[in-house]
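Only the coordinates and a few stated rules stand behind these numbers; no lab work does. From a predicted model like this one, the values you see are computed outputs, not experimental measurements. We place every Cβ from the backbone using ideal geometry, glycine too, and count neighbours over all the protein chains shown.
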Amino acid sequence: MPPIQRRDLLKGAAAFAPSIVAGRAFAAPQAGSRLLVVFLRGAYDATSIIVPTGSDFYYQSRPTIALARPNPADPKAALPLDGDWSLHPALKESILPLWRQRQIAFVPFAGTDDLSRSHFETQDTIELGQPVGGSRNYGSGFLARLAQMLGRDDRPIAFTDQLPLCFRGDPVPVPNLGLANVGKPIDRRQTAIIESMYGKRGQLAQSVAEGFHVRETVFDTLDQEMKAAGRGAVSSKGFELSARRIGALMRDRFNLAFVDVGGWDTHVSQGNASGYLADRIGELGRGLAGFVDALGARAWGSTTVVVVSEFGRTFRENGDKGTDHGHGSIYWVMGGDVAGGRMAGAQVALSAATLNQARDLPVLTDYRALIGGLVARQYGLSADRMATVFPQARPADLKLV
């Protein structure tokens, strides 16, 4: 292997575009499908983002944090998706256009059968993709098993500081590239020295400067409580700033990827049309839109993005104008070839009687069935092979791809 030049290391760190990562060289993937899993660590409040505005029970349950019903004259009102569901106004410029182009679908009442309400246990449940209740093999994540199924056509990467659980177990090392800075940022003296090496002009100099800006922003926006629930995941602002680079890498080099985004554990003062949660979801939406733009139309046509979270939050607001750990959530499925513009999967009318344990959304679509069905159709994998990726889970074909 030729020696790695200092220029290449700096360029990779600043622009998130390495040609050699973790000792493994990557060529551009062959034409074919791409899959990105986006994990919102901390359990995002799904019903503040994809809002059941057709439900009176929703407004009874959230007297201070509910979003207003759709109203063209009110810029803070939710944006109608269909007769029952609406979208948070912070996603008007980023995600709503994808809905109108039928390139995104939402899957309500989705999640796991893990009822622990523990961030860490349920995050592990999702990443492992193994049946709940049995012994866990922490050396075998579901994306690692999928990578083995795909064989030579697979080009995996994790946009995480440490190799995530979902990619553990692949006998061929999977590269990981951290977007979050969990230590001290490079100080200004070091930054000035490195920037001076590339002058004040040119694309590379700009990439180096942007790389430092991402590091500093992520460091400043990660607080300790959110960092604990997020396990060091990048902040939503860090994701927004990095998503275009992720898109460029997946367009040119990688076709199976994972990124986690932290900051979603909103127990206190989460807000509604504005406030903490609105700011985070706006950043996420802009990041995803930037990812799509960087991919380009051709690659977007063969890409599927799945946005998941470990569990949902309580349907009723708590006494601190926030929400607590719940159960069912709402997942997102995006892609240029996705049959979107609709709410997919089983649904139930929201009422006190239909809530799980009288407090949160029930799970009607299992996450393993959902992702398994997408993967089976996208990659043409048989039922026997999918049983290796998700043991004891039957893929659900929601006709999304």
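Details
Residues are listed down the side, and each one gets a yes or a no for (1) of a type outside the set (A, V, I, L, M, F, W, C); (2) over 25 Å from L364 (Cα atoms):
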site	(1), (2)
N255	yes, yes
D279	yes, yes
A289	no, yes
D293	yes, yes
V307	no, no
H327	yes, no
A339	no, no
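- V268, sole failed condition from (1) without any contact (Cβ under 8 Å) to a residue 60 or more places away in the chain; (2) within 28 Å of L150 (Cα to Cα); (3) more than 15 Å from the chain's Cα centre (by Cα): (2)
- Every residue from the stretch 350-393 that is surrounded by fewer than 22 Cβ atoms within 10 Å (Cβ to Cβ), more than 30 Å from E317 (Cβ to Cβ) and touching a strand residue (DSSP E or B) at 6+ places or on another chain (Cβ under 9 Å): Q378, Y379, A393
- Test: residue in the stretch 327-342 that is of a type in the set (D, E, K, R), crowded, with 20+ Cβ neighbours inside 10 Å and either within 19 Å of L35 (Cα to Cα) or touching a Leu at 6+ places or on another chain (Cβ under 9 Å) (or both): no
- The stretch 85-138 - residue that is in a helix (DSSP H, G or I) and among the hydroxyl-bearing types (S, T, Y) and, of those, surrounded by the fewest Cβ atoms within 10 Å (Cβ to Cβ): T122
- Residue ID - farthest from T323 (Cα to Cα), chosen from residues in the stretch 357-401 that are of a type in the set (V, I, T) and touching a helix residue (DSSP H, G or I) at 6+ places or on another chain (Cβ under 7 Å): T388
- Hey, A257 in a strand (DSSP E or B) and out of contact with any Cys (no Cβ under 9 Å at 6 or more places or on another chain) or not: yes
- Residue within the stretch 375-391 that is within 25 Å of P52 (Cβ to Cβ), in a helix (DSSP H, G or I) and in contact with a Ser or Thr (Cβ under 7 Å, 6 or more places away or on another chain) present: no
- Residues satisfying the stated conditions in the stretch 149-175, i.e. in contact with a Gly (Cβ under 8 Å, 6 or more places away or on another chain) and not in a loop (DSSP other than H, G, I, E, B): D153, F159, L165, C166, F167
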